[in-house]
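These notes are about the structure you will find just below.
The values are calculated or read from the model by the stated rules, or taken from the named source; none is laboratory data. Source: prediction; values computed, not measured. For neighbour counting, all protein chains shown are included, and Cβ atoms are generated from backbone atoms with ideal geometry for every residue, glycine included.
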Amino acid sequence: MENLKFSYRDKTLTGPVKTMICGIINVTPDSFSDGGKYFGRDKALKRAEELIKDGADMLDIGGESTRPGSTYVNIDEEIDRVAPVVRELRNITDLPLSVDTWKAAVAKAAIEEGADIINDITGFLGDKNMAETIGLSSTAAIVMFNPVIARPNHPSSKIFPSFGAQGVFSQDELKDFRNMEIVKLMKEYFKKSLDLAKKYNIPKERIMLDPGIGFGLTKKENLILINEIDVIREMGFFTFLGVSRKRFVQNIIETSGFETNPESTEGFENRDEASSVLTSIATLKGVEAVRVHTLKHHKLARDVASAVRFAKDMEDINFGSYKNK
């Protein structure tokens, strides 16, 4: 397979690359994991500085929670939340800055402040102007498969907002999607997204694809998409994966008898350790970027797994015996 490329503004990454750790900055009062903790410009910037210091490879800034039961944030408010953060970060770091929004007006404002990537959880299908906005810029896009939009009546979808998507699929398509195998459904969804990208002159190398883990999916479907994530590379794209602290991860370790209550130190730590195991798996599978809440666990997991993945490039070291103490 040819080496894949990903470009944003005037920079190009050519694979295979070491899996990038993308630190999350939620400038929201109601995120499912850290709602309110980094709400406000100063708190968000302080968090960004911590992530940079801890070794983040990129940052993802979001001004609207997309968790189950979340509420719509109007465009002006979302811009007020994210634009100042992007502006300030652009002055202090050269790391790629991604803005998590499905609204074209928010994306445009973020791009004007220096955002390199727009992370659209609707894959261009939530706002009819998003693909055009990206196409008119030099920024890149993370295009996510969103099962909530493809299967609005699925039990796992009903607890999520609609993300603005209305009428993007015909009734016949929605009917066909109901019982479609999940990897096939992801491909069908991406076809619609990539057709829009082509229409608005967004080159293939300016797109990463995200399998949409945690959005309107069953436990089994989440795991299948991770296990078969190589499909995205086979389509010719870099892969972006967000699994950190997702509910299915918590369910897995809870079923195994581990503490998962985030109010306890052990439960909080267990969720992040379990999430980092998936970062190891993603690294071994060659996923180009993982979106995470903490750097400690995921960077450690990534670095160990990378040593295995790139074993042939590792320095040969002879180890001495252990010394008796």
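Residues in region 276-292 that are buried (at least 20 other Cβ atoms within 10 Å of the Cβ), of a type outside the set (Ser, Thr, Tyr) and farther than 20 Å from Phe6 by Cβ: 1 in all. Just a yes or no: is a residue in region 310-319 part of a loop (DSSP other than H, G, I, E, B), surrounded by fewer than 17 Cβ atoms within 10 Å (Cβ to Cβ), of a type in the set (A, V, I, L, M, F, W, C) and modelled with pLDDT of 95 or more? The answer is yes, given that some residue of region 310-319 is part of a loop (DSSP other than H, G, I, E, B), surrounded by fewer than 17 Cβ atoms within 10 Å (Cβ to Cβ), of a type in the set (A, V, I, L, M, F, W, C) and modelled with pLDDT of 95 or more. Taking the conditions (1) touching a residue at least 24 places away in the same chain (Cβ under 8 Å); (2) outside any loop (DSSP other than H, G, I, E, B) in turn, Asn91 satisfies each one other than (1). Residues that are in a loop (DSSP other than H, G, I, E, B) and closer than 23 Å to Phe238 by Cβ do not occur anywhere in region 151-161. The one condition from (1) modelled with pLDDT of 95 or more; (2) in contact with a Ser or Thr (Cβ under 9 Å, 6 or more places away or on another chain); (3) surrounded by fewer than 17 Cβ atoms within 10 Å (Cβ to Cβ); (4) among the acidic types (Asp, Glu) that Asp76 does not meet is (2).
The number of residues in region 243-287 being within 13 Å of Arg302 (Cβ to Cβ), free of Cβ contacts under 8 Å to residues at least 60 places away in the same chain, of a type outside the set (Gly, Ala, Ser) and part of a helix (DSSP H, G or I) comes to 4. Cβ-Cβ below 7 Å, separation at least six or inter-chain, first residue in region 188-203 and of a type in the set (Val, Ile, Thr), second not in a helix (DSSP H, G or I): which pairs? Here the result reads Ile202/Ala141, each pair linking region 188-203 to a residue that is not in a helix (DSSP H, G or I). If the condition is being of a type outside the set (Val, Ile, Thr) and under 18 Å from the mean Cα position of the chain (by Cα), then region 54-69 contributes Gly55, Ala56, Asp57, Met58, Leu59, Asp60, Gly62, Gly63, Glu64, Ser65, Arg67, Pro68. Of everything in region 220-240, what is surrounded by 17 or more Cβ atoms within 10 Å (Cβ to Cβ) and either touching an Asp or Glu at 6+ places or on another chain (Cβ under 7 Å) or among the charged types (D, E, K, R) (or both)? Give them in sequence order. Matches in region 220-240: Glu221, Arg233, Phe238, Thr239, Phe240. Identify all residues within region 293-309 that are surrounded by fewer than 23 Cβ atoms within 10 Å (Cβ to Cβ) and of a type in the set (Lys, Arg); write none if there are none. Correct list: Lys296, Lys299, Arg309. When restricted to residues that are closer than 30 Å to Thr14 by Cβ and not aliphatic (A, V, I, L, M), region 247-297 contains 13. Among residues that are under 23 Å from Phe237 (Cα atoms) and either of a type in the set (S, T, N, Q) or in contact with a Leu (Cβ under 6 Å, 6 or more places away or on another chain) (or both), Ser280 is included.
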